[in-house]
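Notes follow the structure.
The values are calculated or read from the model by the stated rules, or taken from the named source; none is laboratory data. Since the model is a prediction, treat every value here as computed from it, not as a measurement. In this analysis, Cβ positions are derived from the backbone assuming ideal geometry, glycine residues included, and neighbour counts consider all displayed protein chains. Side chains are part of the model used for accessible areas, which takes the heavy atoms of the whole protein and leaves out ligands, DNA and RNA. Shrake-Rupley method; radii C 1.70, N 1.55, O 1.52, S 1.80 Å.
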Amino acid sequence: MATTTSQQISSSSFEKLREQHYNATVVSVNRIHEMLMRIRIHSDEGPFDYQPGQYTVLALGAWEDRFDQPSEIEDEATLTKLIKRAYSISCPLLNEQHELVTCQDCVDLEFYITLVPRPDHESPKRPPLTPRLFALRKGDRLNMSHHVVGSYTLDPVGSDDNVIFAGTGTGEAPHNAMAAELLKRGHQGKIASMTCVRYRQDAGYLSEQAVLNERYENYRYQLYTTREAENMDESHPDFVGKQYLQDIIRPENFVREFGWHADPQKTHVFLCGNPDMIGIPKKGEDGELEYPPNPGMVELLVSQGFTLDQPKNPGNIHFEKYW
(Lines give C-alpha, C1' and ligand atoms only; values in the text may rest on other atoms or scores of the structure.)
Protein backbone atom coordinates (compact mmCIF):
# COMPACT_ATOMS: atom_id res chain seq x y z
CA MET A 1 0.00 0.00 0.00
CA ALA A 2 1.37 3.41 -0.93
CA THR A 3 2.10 6.12 1.61
CA THR A 4 1.53 9.84 1.29
CA THR A 5 4.11 12.21 -0.09
CA SER A 6 3.44 14.63 2.74
CA GLN A 7 6.49 15.16 4.94
CA GLN A 8 4.50 16.21 7.98
CA ILE A 9 4.29 12.76 9.53
CA SER A 10 6.86 9.96 9.48
CA SER A 11 6.29 6.55 7.91
CA SER A 12 6.45 4.93 11.34
CA SER A 13 3.59 7.16 12.44
CA PHE A 14 1.54 5.95 9.48
CA GLU A 15 2.19 2.35 10.49
CA LYS A 16 1.01 3.10 14.01
CA LEU A 17 -2.15 4.69 12.63
CA ARG A 18 -2.79 1.61 10.49
CA GLU A 19 -2.32 -0.69 13.45
CA GLN A 20 -4.67 1.49 15.48
CA HIS A 21 -7.47 1.77 12.92
CA TYR A 22 -7.31 -1.09 10.43
CA ASN A 23 -9.23 -4.27 11.19
CA ALA A 24 -9.70 -6.01 7.83
CA THR A 25 -7.66 -7.42 4.94
CA VAL A 26 -8.23 -7.37 1.19
CA VAL A 27 -8.68 -10.96 -0.01
CA SER A 28 -9.06 -10.26 -3.72
CA VAL A 29 -9.48 -7.40 -6.18
CA ASN A 30 -11.24 -7.90 -9.51
CA ARG A 31 -10.81 -4.79 -11.64
CA ILE A 32 -13.62 -4.92 -14.20
CA HIS A 33 -11.99 -1.88 -15.77
CA GLU A 34 -10.11 1.16 -14.49
CA MET A 35 -13.29 2.72 -13.05
CA LEU A 36 -15.03 -0.37 -11.66
CA MET A 37 -14.08 -3.19 -9.34
CA ARG A 38 -15.30 -6.06 -7.21
CA ILE A 39 -13.35 -6.38 -3.97
CA ARG A 40 -13.55 -8.99 -1.21
CA ILE A 41 -12.58 -8.15 2.33
CA HIS A 42 -11.99 -10.33 5.38
CA SER A 43 -12.72 -8.94 8.83
CA ASP A 44 -10.39 -9.63 11.75
CA GLU A 45 -13.51 -10.01 13.87
CA GLY A 46 -14.81 -13.01 11.96
CA PRO A 47 -18.10 -13.58 10.09
CA PHE A 48 -20.78 -10.93 10.03
CA ASP A 49 -24.43 -11.43 10.99
CA TYR A 50 -26.56 -9.41 8.59
CA GLN A 51 -29.38 -9.55 6.07
CA PRO A 52 -28.91 -9.36 2.29
CA GLY A 53 -29.45 -5.78 1.13
CA GLN A 54 -27.84 -4.13 4.15
CA TYR A 55 -24.70 -2.01 4.16
CA THR A 56 -21.61 -1.28 6.20
CA VAL A 57 -18.81 1.30 6.19
CA LEU A 58 -15.35 1.04 4.61
CA ALA A 59 -12.58 3.46 5.54
CA LEU A 60 -8.97 4.29 4.76
CA GLY A 61 -6.66 6.85 6.28
CA ALA A 62 -6.34 10.17 4.53
CA TRP A 63 -2.59 9.51 4.63
CA GLU A 64 -2.96 6.75 2.02
CA ASP A 65 -2.18 7.62 -1.58
CA ARG A 66 -4.77 7.73 -4.34
CA PHE A 67 -4.28 5.17 -7.12
CA ASP A 68 -3.80 7.94 -9.69
CA GLN A 69 -1.59 10.42 -7.86
CA PRO A 70 0.18 10.97 -4.53
CA SER A 71 -1.87 12.50 -1.74
CA GLU A 72 -1.10 16.10 -0.91
CA ILE A 73 -2.94 17.16 2.21
CA GLU A 74 -1.51 20.13 4.05
CA ASP A 75 -3.89 19.97 7.02
CA GLU A 76 -2.26 17.58 9.52
CA ALA A 77 -5.52 17.15 11.42
CA THR A 78 -7.20 15.87 8.25
CA LEU A 79 -4.20 13.78 7.25
CA THR A 80 -4.47 11.52 10.31
CA LYS A 81 -8.22 10.87 10.03
CA LEU A 82 -10.14 8.05 8.41
CA ILE A 83 -12.13 8.72 5.24
CA LYS A 84 -15.37 6.74 5.52
CA ARG A 85 -18.15 5.75 3.16
CA ALA A 86 -21.10 3.38 3.34
CA TYR A 87 -21.36 0.54 0.82
CA SER A 88 -24.04 -2.05 0.28
CA ILE A 89 -22.75 -5.60 0.58
CA SER A 90 -22.85 -7.44 -2.73
CA CYS A 91 -22.63 -11.17 -3.39
CA PRO A 92 -20.41 -13.22 -5.73
CA LEU A 93 -23.51 -15.23 -6.80
CA LEU A 94 -21.45 -18.28 -7.79
CA ASN A 95 -18.48 -20.05 -6.25
CA GLU A 96 -15.55 -21.56 -8.18
CA GLN A 97 -17.65 -24.65 -8.88
CA HIS A 98 -20.39 -22.42 -10.35
CA GLU A 99 -22.70 -23.30 -7.47
CA LEU A 100 -25.10 -20.66 -6.18
CA VAL A 101 -23.83 -18.92 -3.05
CA THR A 102 -25.47 -16.41 -0.73
CA CYS A 103 -23.82 -13.82 1.47
CA GLN A 104 -24.13 -16.15 4.44
CA ASP A 105 -22.17 -18.82 2.53
CA CYS A 106 -19.20 -16.44 2.29
CA VAL A 107 -16.75 -15.74 5.10
CA ASP A 108 -15.55 -12.62 3.27
CA LEU A 109 -17.65 -9.62 2.23
CA GLU A 110 -17.84 -8.53 -1.40
CA PHE A 111 -18.29 -4.93 -2.48
CA TYR A 112 -19.01 -3.55 -5.93
CA ILE A 113 -17.42 -0.13 -6.28
CA THR A 114 -17.15 2.52 -8.95
CA LEU A 115 -14.44 5.16 -8.93
CA VAL A 116 -15.57 8.61 -7.84
CA PRO A 117 -12.67 11.00 -8.53
CA ARG A 118 -12.37 14.32 -6.78
CA PRO A 119 -12.94 17.32 -9.06
CA ASP A 120 -9.86 19.49 -9.49
CA HIS A 121 -11.58 22.38 -7.77
CA GLU A 122 -12.53 20.40 -4.66
CA SER A 123 -10.72 21.29 -1.46
CA PRO A 124 -7.85 18.93 -0.53
CA LYS A 125 -9.32 19.02 2.98
CA ARG A 126 -12.13 16.78 1.68
CA PRO A 127 -10.20 13.80 0.30
CA PRO A 128 -12.40 11.16 -1.35
CA LEU A 129 -12.28 7.49 -0.50
CA THR A 130 -12.68 5.63 -3.80
CA PRO A 131 -9.36 6.73 -5.40
CA ARG A 132 -7.69 5.24 -2.32
CA LEU A 133 -9.78 2.06 -2.44
CA PHE A 134 -8.69 1.63 -6.06
CA ALA A 135 -5.06 1.60 -4.91
CA LEU A 136 -5.70 -1.48 -2.75
CA ARG A 137 -4.18 -4.83 -3.63
CA LYS A 138 -4.51 -8.31 -2.18
CA GLY A 139 -3.15 -8.37 1.35
CA ASP A 140 -3.59 -4.65 2.00
CA ARG A 141 -5.29 -3.50 5.16
CA LEU A 142 -8.21 -1.11 5.75
CA ASN A 143 -10.99 -0.38 8.20
CA MET A 144 -14.38 -2.08 7.89
CA SER A 145 -17.19 -1.53 10.36
CA HIS A 146 -18.58 -4.71 11.90
CA HIS A 147 -21.90 -2.91 12.33
CA VAL A 148 -24.16 -3.75 9.37
CA VAL A 149 -27.39 -1.78 9.10
CA GLY A 150 -30.25 -0.86 6.79
CA SER A 151 -33.94 -1.59 6.28
CA TYR A 152 -33.54 -2.36 2.57
CA THR A 153 -34.09 -6.08 3.03
CA LEU A 154 -36.34 -8.97 2.03
CA ASP A 155 -38.38 -8.76 5.24
CA PRO A 156 -41.64 -7.73 3.50
CA VAL A 157 -41.42 -10.36 0.75
CA GLY A 158 -43.62 -13.46 1.04
CA SER A 159 -42.61 -16.83 -0.41
CA ASP A 160 -45.08 -16.51 -3.31
CA ASP A 161 -44.62 -12.79 -4.00
CA ASN A 162 -43.12 -11.61 -7.25
CA VAL A 163 -40.04 -9.39 -6.93
CA ILE A 164 -38.57 -6.74 -9.20
CA PHE A 165 -35.04 -5.45 -8.59
CA ALA A 166 -34.19 -2.27 -10.51
CA GLY A 167 -30.74 -0.72 -10.15
CA THR A 168 -28.33 1.61 -11.90
CA GLY A 169 -24.61 0.86 -12.00
CA THR A 170 -23.26 -0.47 -8.72
CA GLY A 171 -26.75 -0.11 -7.28
CA GLU A 172 -27.01 -3.71 -8.44
CA ALA A 173 -24.92 -4.80 -5.43
CA PRO A 174 -27.67 -5.28 -2.81
CA HIS A 175 -29.94 -6.82 -5.45
CA ASN A 176 -27.35 -9.52 -6.12
CA ALA A 177 -27.32 -10.36 -2.43
CA MET A 178 -31.12 -10.45 -2.16
CA ALA A 179 -31.66 -12.38 -5.41
CA ALA A 180 -29.17 -15.06 -4.37
CA GLU A 181 -30.95 -15.42 -1.04
CA LEU A 182 -34.35 -15.82 -2.71
CA LEU A 183 -33.04 -18.42 -5.14
CA LYS A 184 -31.31 -20.37 -2.36
CA ARG A 185 -34.59 -20.42 -0.42
CA GLY A 186 -36.41 -21.88 -3.40
CA HIS A 187 -38.55 -18.77 -3.78
CA GLN A 188 -41.84 -19.57 -5.53
CA GLY A 189 -42.61 -16.14 -7.01
CA LYS A 190 -41.08 -14.64 -10.13
CA ILE A 191 -37.90 -12.58 -9.85
CA ALA A 192 -36.97 -9.89 -12.38
CA SER A 193 -33.62 -8.12 -11.98
CA MET A 194 -32.82 -5.23 -14.30
CA THR A 195 -29.78 -3.02 -14.33
CA CYS A 196 -29.04 0.11 -16.36
CA VAL A 197 -25.46 1.13 -17.18
CA ARG A 198 -23.81 3.37 -19.75
CA TYR A 199 -21.83 0.61 -21.48
CA ARG A 200 -21.93 -3.20 -21.22
CA GLN A 201 -18.44 -3.13 -19.75
CA ASP A 202 -19.94 -1.33 -16.76
CA ALA A 203 -21.77 -4.50 -15.69
CA GLY A 204 -19.53 -6.57 -13.46
CA TYR A 205 -21.68 -9.67 -12.95
CA LEU A 206 -22.79 -10.54 -16.48
CA SER A 207 -21.27 -14.03 -16.64
CA GLU A 208 -22.76 -15.02 -13.29
CA GLN A 209 -26.14 -13.59 -14.24
CA ALA A 210 -26.12 -15.58 -17.48
CA VAL A 211 -25.73 -18.79 -15.48
CA LEU A 212 -28.60 -17.87 -13.16
CA ASN A 213 -30.81 -17.04 -16.15
CA GLU A 214 -30.25 -20.52 -17.55
CA ARG A 215 -30.55 -22.33 -14.23
CA TYR A 216 -33.67 -20.81 -12.65
CA GLU A 217 -36.96 -20.65 -14.54
CA ASN A 218 -38.43 -18.00 -12.25
CA TYR A 219 -35.39 -15.70 -12.48
CA ARG A 220 -34.61 -13.25 -15.26
CA TYR A 221 -31.77 -10.73 -15.39
CA GLN A 222 -31.75 -8.04 -18.08
CA LEU A 223 -29.08 -5.43 -18.76
CA TYR A 224 -29.91 -2.09 -20.39
CA THR A 225 -27.49 0.52 -21.72
CA THR A 226 -27.56 4.19 -22.65
CA ARG A 227 -24.26 4.89 -24.43
CA GLU A 228 -23.62 1.93 -26.75
CA ALA A 229 -23.79 2.41 -30.53
CA GLU A 230 -27.31 0.96 -30.68
CA ASN A 231 -28.37 3.56 -28.11
CA MET A 232 -26.87 6.57 -29.88
CA ASP A 233 -26.60 5.87 -33.62
CA GLU A 234 -29.95 5.85 -35.43
CA SER A 235 -28.33 4.22 -38.46
CA HIS A 236 -27.23 1.23 -36.37
CA PRO A 237 -29.05 -1.95 -37.51
CA ASP A 238 -30.00 -2.73 -33.90
CA PHE A 239 -30.84 0.84 -32.87
CA VAL A 240 -33.04 0.91 -29.75
CA GLY A 241 -32.33 4.39 -28.38
CA LYS A 242 -31.31 5.03 -24.80
CA GLN A 243 -32.77 2.38 -22.52
CA TYR A 244 -33.87 3.66 -19.12
CA LEU A 245 -35.51 1.60 -16.42
CA GLN A 246 -38.33 4.17 -16.31
CA ASP A 247 -39.23 2.98 -19.81
CA ILE A 248 -38.86 -0.72 -19.03
CA ILE A 249 -41.18 -0.55 -16.00
CA ARG A 250 -44.12 0.56 -18.14
CA PRO A 251 -46.53 -2.41 -18.21
CA GLU A 252 -46.39 -3.20 -21.92
CA ASN A 253 -42.58 -3.00 -21.97
CA PHE A 254 -42.15 -5.01 -18.79
CA VAL A 255 -44.34 -7.84 -20.10
CA ARG A 256 -42.37 -7.87 -23.35
CA GLU A 257 -39.03 -8.01 -21.52
CA PHE A 258 -39.85 -10.40 -18.69
CA GLY A 259 -42.91 -12.30 -19.82
CA TRP A 260 -45.20 -11.58 -16.87
CA HIS A 261 -47.43 -8.81 -15.60
CA ALA A 262 -46.33 -7.00 -12.44
CA ASP A 263 -49.49 -7.18 -10.34
CA PRO A 264 -49.28 -4.58 -7.52
CA GLN A 265 -51.24 -6.93 -5.26
CA LYS A 266 -48.48 -9.55 -5.25
CA THR A 267 -45.27 -7.78 -6.33
CA HIS A 268 -42.54 -5.97 -4.42
CA VAL A 269 -40.20 -3.56 -6.23
CA PHE A 270 -36.72 -2.67 -4.97
CA LEU A 271 -34.98 0.43 -6.39
CA CYS A 272 -31.32 1.26 -5.83
CA GLY A 273 -28.99 3.74 -7.50
CA ASN A 274 -29.37 7.08 -9.21
CA PRO A 275 -31.94 9.29 -7.42
CA ASP A 276 -33.20 10.47 -10.83
CA MET A 277 -34.07 6.88 -11.67
CA ILE A 278 -35.81 6.36 -8.35
CA GLY A 279 -37.64 9.70 -8.42
CA ILE A 280 -37.96 10.08 -4.66
CA PRO A 281 -40.97 12.26 -3.78
CA LYS A 282 -41.03 14.88 -1.05
CA LYS A 283 -43.91 15.92 1.14
CA GLY A 284 -45.39 19.26 0.18
CA GLU A 285 -46.82 21.87 2.55
CA ASP A 286 -50.20 20.15 2.34
CA GLY A 287 -48.66 16.82 3.32
CA GLU A 288 -49.13 15.33 -0.14
CA LEU A 289 -46.22 13.72 -1.98
CA GLU A 290 -44.63 15.86 -4.67
CA TYR A 291 -42.69 14.14 -7.44
CA PRO A 292 -39.66 15.42 -9.39
CA PRO A 293 -40.36 17.14 -12.76
CA ASN A 294 -39.13 14.11 -14.72
CA PRO A 295 -41.06 10.99 -13.69
CA GLY A 296 -38.97 8.44 -11.83
CA MET A 297 -39.72 4.85 -11.02
CA VAL A 298 -41.71 5.66 -7.87
CA GLU A 299 -44.20 7.90 -9.67
CA LEU A 300 -44.57 5.45 -12.55
CA LEU A 301 -45.15 2.55 -10.18
CA VAL A 302 -47.65 4.49 -8.08
CA SER A 303 -49.59 5.22 -11.27
CA GLN A 304 -49.78 1.44 -11.78
CA GLY A 305 -51.24 0.86 -8.32
CA PHE A 306 -48.08 0.26 -6.25
CA THR A 307 -47.59 2.02 -2.92
CA LEU A 308 -44.45 3.61 -1.50
CA ASP A 309 -43.10 1.93 1.62
CA GLN A 310 -42.97 4.54 4.39
CA PRO A 311 -42.52 4.49 8.15
CA LYS A 312 -45.75 3.30 9.80
CA ASN A 313 -47.29 2.90 6.33
CA PRO A 314 -45.92 -0.28 4.66
CA GLY A 315 -45.94 -0.42 0.89
CA ASN A 316 -44.43 -2.48 -1.91
CA ILE A 317 -42.01 0.08 -3.40
CA HIS A 318 -38.70 0.05 -1.52
CA PHE A 319 -35.71 2.23 -2.35
CA GLU A 320 -32.11 2.79 -1.36
CA LYS A 321 -30.40 6.02 -2.39
CA TYR A 322 -26.81 5.46 -3.52
CA TRP A 323 -25.73 9.10 -3.31
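Numbers below:
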item: With DNA, RNA and ligands ignored, accessible area of ASP49 (1.4 Å probe; Å², nearest 10); result: 140 Å²
item: The chain: C-alpha gyration tensor shape, a/c 1.5 cut-off, then a/b vs b/c; result: prolate
item: Residue of VAL29, VAL255, VAL148 that the Gaussian network model of the chain assigns the largest fluctuation, springs spanning Cα pairs under 10 Å; result: VAL255
item: Nonlocal amide H pairs with SER90, under 5 Å, H built at 1.01 Å; result: GLU110, PHE111, TYR112
item: Rounded, prolate or oblate (a/c below 1.5 giving rounded, otherwise prolate when a/b exceeds b/c) for segment 185-319 by Cα gyration tensor; result: oblate
item: Surface per residue (accessible, 1.4 Å probe) for the chain, Å²; result: 49 Å²
item: Heavy atoms of ILE83 accessible to a 1.4 Å probe, total area in Å² rounded to 10; result: 20 Å²
item: The chain, relative contact order [Cα under 8 Å, separation at least 6], %; result: 16 percent
item: Rough spin-label spacing in nm, given labels placed 7 Å along Cα→Cβ, for SER11 and VAL211; result: 4.2 nm
item: Shape category assigned to segment 276-323 from the gyration tensor of Cα positions, a/c cut at 1.5; result: rounded
item: Spatially proximal lysines relative to LYS184 (Cα-Cα < 24 Å; intrachain offsets below 8 disregarded); result: LYS266
item: Share, in percent, of DSSP beta bridges within the chain that are antiparallel, nearest 5; result: 55 percent
item: GNM result for the chain, Cα springs below 10 Å: residue of THR195, THR25, THR226 fluctuating most strongly; result: THR226
item: Two-site label geometry, VAL116 and ASP238: point separation in nm, points 7 Å out along Cα→Cβ; result: 3.2 nm
item: Partner aspartates and glutamates for LYS283 [C-alpha distance under 19 Å; skip if fewer than 8 residues away on the same chain]; result: GLU299, ASP309, GLU320
item: Sulfur and carbon atoms: percent of accessible area, the chain [1.4 Å]; result: 45 percent
item: LYS81 accessible area, assembled protein chains, probe 1.4 Å, Å²; result: 130 Å²
item: Most mobile of GLU217, GLU110, GLU299 in a GNM of the chain (Cα contacts under 10 Å); result: GLU217
